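One structure is given here, and the rest of the page talks about it.
The values are calculated or read from the model by the stated rules, or taken from the named source; none is laboratory data. Predicted, not measured: the structure shown is a model, and the values here were computed from it. With ideal geometry, Cβ positions are generated from the backbone for all residues, glycine too; neighbour counts draw on all protein chains shown. We work out accessible area using only protein heavy atoms, side chains counted, and drop any ligands, DNA or RNA first. Shrake-Rupley method; radii C 1.70, N 1.55, O 1.52, S 1.80 Å.
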Amino acid sequence: MQMDPQIVFSYGLTKSGSTLAYQLVLVALERAGHPQPALRLPGVTVSRRINAIEHLDADAAARMRAAVAAHGHPVAFKTHTRPDPAVRDMVRAGALAHAVVRDPRDIALSMVDHGVRARAARKPAFAEIHHLDDALRGIDGQMETLAQWLALPGVRILRYDRLAFDTVAATAAILEHLGLDGDPQAIADEVLSRRFIQLNAGRRDRHRAEMSAADSARIRARYAPFYDLVLPEGAPPPPPGTPLTAPLPAGAR
């Protein structure tokens, strides 16, 4: 299928299956005849292996658009950062974007696991995550970031349980969002068998077996708007400006 050169932003909460979602997008594009080389743009991409980005100012965004136009095909960019004004402008002008989400209780458990591995390997990323409360402080900020992405037009919500445990259906949804024809089963099979997807434990509802009822309840209350408005399958994006974290009780920190 022919597509005009277009940017696709693949955003996700940490530990939410965002790498799996990104790889599904890459393979969907590649199988549609749109190769996805690492563009290696100084000041734009932050990885030598994939088109990953962090923050973009107007100049960096202009270089990104020029590179994609010169490439001649849609290009997907992975990110965990908030949409800068230049990124928001691109989405409003027609760039596609999705946001990958997961139950914060399972995200927190995965972050604590990563912290243990990081300290054992003497690596800095996640090494500061010792306990659930350490993870929750990071998730608070991520909920603010997610709210900014969901305030943009057309951002598609992808949920961890569908991605990880019904990958073919998730792939079909990705193809529909991209406006591409393709074989969801073949794309899912290639990604799951041949691509690096960083799924870690990959267990559904880990918190049911690995988290106390008290911790589960307090996290559910802390992110009540997210649980009510975003996490349910089929829920539309909440109205722009909707906070996804409940107000803390008076005196709480």
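Which residues, counting only those in the stretch 139-154, are open to solvent by less than 30 Å² (accessible area, probe 1.4 Å), under 26 Å from H114 (Cβ atoms) and either among the basic types (K, R) or touching a residue at least 60 places away in the same chain (Cβ under 8 Å) (or both)?
I139, M143, T145, L146, A147, W149, L150, listed by residue number.
Which residues, taken from the stretch 44-82, are β-branched (V, I, T) and open to solvent by less than 50 Å² (accessible area, probe 1.4 Å)?
Those that are β-branched (V, I, T) and open to solvent by less than 50 Å² (accessible area, probe 1.4 Å): V44, T45, I50, I53, V68, V75, T79, T81.
A170 is checked against (1) in contact with a helix residue (DSSP H, G or I) (Cβ under 9 Å, 6 or more places away or on another chain); (2) open to solvent by 10 Å² or more (accessible area, probe 1.4 Å) and fails just one. What number does that condition carry?
Failing condition for A170: (2).
A67 is checked against (1) touching a residue at least 24 places away in the same chain (Cβ under 8 Å); (2) small (G, A, S); (3) in a loop (DSSP other than H, G, I, E, B) and fails just one. What number does that condition carry?
All conditions pass for A67, except number (3).
Can you pull out the residues in the stretch 179-221 that are open to solvent by 40 Å² or more (accessible area, probe 1.4 Å), in a helix (DSSP H, G or I) and either in contact with an Asp or Glu (Cβ under 8 Å, 6 or more places away or on another chain) or of a type in the set (A, V, I, L, M, F, W, C) (or both)?
Listed by number, the residues that qualify are L192, A209, A213, A214, A217, A221.
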